[in-house]
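> Just dropping this structure here.
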Amino acid sequence: MAIIDVGSNTVRLHVARGEDAFYRERVMLRLGEAIERTGEIPPAKLAEAVACVGGFAQRARLHGAEQIEVLVTSPGRQARNGNVLIAALAEAAGAPVRLLSAEEEGRLGFLGAAGATPGDPRRVVAVCDVGGGSTQIAVGSRHAGATWVRSIDIGSMRLTTRLLSKDPPGPEAVEAARLEMERLLADINPPEPEVALAVGGSARALRNIVGVKLGAEELDNLVAILARTPAREIVEHYGVDPQRVRTLTAGAIIFEVICERLGVPLRISRGGVREGAVLELAGRRQAA
């Protein structure tokens, strides 16, 4: 099975045999940056996305994928011409395209992250998925699934474009971004989890700097470092992907504010939306 995941920052290909991925590829297109500035995906970016997804579908078939599904997340929800994007991707891929609602995205992220994390299947787990254009928080258990899901219509790319565009962003911009996230999360009161997991591209990039644990102290120190350190130094000192470093401060701030709301440290998980989608596809296949 293959999942092609079209997000605000990246388009990713995930090919799996059963639950085990054996081929991955990604291209950073930054569709969400154009949407944030103009409200829609311009023709040149639309053409890039179509070519990328068409190529990924072809490579998925070359790797033996018998079933392909294209998932579109915040770009399809936020762009005025999201319907044009979906129709063009379906034609290019020759496969079904599914526009995920914010809740569906949160549930799939929970399914993939919780499923990849060992432990008591009944313990309460929170999964925080920080994408480029939106952020999902889901709470539940492996046994019951996600029973509480909320989405915030901002992610690392959107927060960067609005408030953190300088390099380095500086303490004043960081404080403004933190206050903005606190405002957006003011009415969101998640159930208290026993374990909290961080997923998404920002989480994986932050792991290079602080390791797998994102507690309050680690995040506070991390944000302070990112506020005053130029991007090229972050790349040189920590080996962060140069394409990801620009939105890293925003991702760290979003995780910092969510961590405060949850009251427990975050641990970075490899599972997420694509792994959850594979599990869901496998379940559908078995049911059929």
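> Test each condition in (1) open to solvent by 30 Å² or more (accessible area, probe 1.4 Å); (2) hydroxyl-bearing (Ser, Thr, Tyr); (3) over 17 Å from residue 272 (Cβ atoms) for residue 101 and report the one that comes out false.
Single failed check for residue 101: (3).
> Here is a further query. Pairs needed: first member in segment 201-219, under 18 Å from residue 245 (Cβ atoms); second member anywhere, of a type in the set (Asp, Glu) and not in a helix (DSSP H, G or I); C-beta distance under 8 Å; at least 6 residues apart or different chains.
205/241
> Filter segment 61-88 down to the residues that are under 19 Å from residue 278 (Cβ atoms) and assigned to a helix (DSSP H, G or I), then identify the one that is most open to solvent (accessible area, probe 1.4 Å). So that I can check it myself, show each step before the final result.
Here is the first cut: in segment 61-88, the residues under 19 Å from residue 278 (Cβ atoms) are 61-73.
From the residues that got through so far, the ones that are assigned to a helix (DSSP H, G or I) too are 61-62.
Working: 61: 113, 62: 142 Å².
Among those that are under 19 Å from residue 278 (Cβ atoms) and assigned to a helix (DSSP H, G or I), it is 62.
> Those residues that are of a type in the set (A, V, I, L, M) and open to solvent by 30 Å² or more (accessible area, probe 1.4 Å), I need them from segment 211-226; list them, please. Break it down into steps so the answer makes sense when it comes.
So the first thing to find is which residues in segment 211-226 are of a type in the set (A, V, I, L, M), and the list is 212, 214, 216, 219, 222-226.
Within segment 211-226, 212, 216, 224, 225 meet the criteria.
> Among the residues of segment 259-270, which ones are within 13 Å of residue 195 (Cβ to Cβ) and either open to solvent by 20 Å² or more (accessible area, probe 1.4 Å) or under 16 Å from the mean Cα position of the chain (by Cα) (or both)?
At the first step, the residues of segment 259-270 found to be within 13 Å of residue 195 (Cβ to Cβ) are 259, 262-269.
Residues satisfying the conditions are 263, 264, 265, 266, 267, 268, 269.
> Take the residues in segment 175-198 that are within 17 Å of residue 222 (Cβ to Cβ) and under 21 Å from the mean Cα position of the chain (by Cα), then tell me which one is most open to solvent (accessible area, probe 1.4 Å). Talk me through it step by step, then tell me what you get.
Of segment 175-198, the ones within 17 Å of residue 222 (Cβ to Cβ) are 175, 177-178, 181, 196, 198.
Within this subset, residues satisfying the condition of being under 21 Å from the mean Cα position of the chain (by Cα) are 177-178, 181, 196, 198.
On the way: 177: 0, 178: 40, 181: 1, 196: 1, 198: 0 Å².
Step by step, filter segment 175-198, then rank; the result is 178.
> Quick check: is even one residue across segment 142-155 closer than 28 Å to residue 25 by Cα, assigned to a loop (DSSP other than H, G, I, E, B) and of a type in the set (Ser, Thr, Tyr)?
No - not one qualifying residue is present in segment 142-155.
> Testing residue 151 on (1) open to solvent by less than 40 Å² (accessible area, probe 1.4 Å); (2) under 19 Å from the mean Cα position of the chain (by Cα), one condition comes back false. Which one is that?
(1)
> Would you mind telling me which numbered condition in (1) open to solvent by 40 Å² or more (accessible area, probe 1.4 Å); (2) in contact with a Gly (Cβ under 7 Å, 6 or more places away or on another chain); (3) part of a strand (DSSP E or B) residue 136 fails?
So residue 136 meets the others, but not (1).
> With a cut-off of at least 2 residues that are within 20 Å of residue 152 (Cβ to Cβ) and touching a Cys at 6+ places or on another chain (Cβ under 7 Å), name the helices (runs of 4 or more DSSP H) lying wholly within segment 174-288.
Details: elements: 201-210, 216-228, 231-238, 248-262, 273-287.
Once the helices (runs of 4 or more DSSP H) in segment 174-288 are filtered for at least 2 residues that are within 20 Å of residue 152 (Cβ to Cβ) and touching a Cys at 6+ places or on another chain (Cβ under 7 Å), what remains is 216-228, 248-262.
The values are calculated or read from the model by the stated rules, or taken from the named source; none is laboratory data. Since this is a predicted model, take the numbers as computed values, not measurements. Cβ: placed from backbone, ideal geometry, glycine included. Neighbour counts: every protein chain shown. Surface areas here come from the heavy atoms of the whole protein model, side chains and all, with no ligands, DNA or RNA. Shrake-Rupley method; radii C 1.70, N 1.55, O 1.52, S 1.80 Å.
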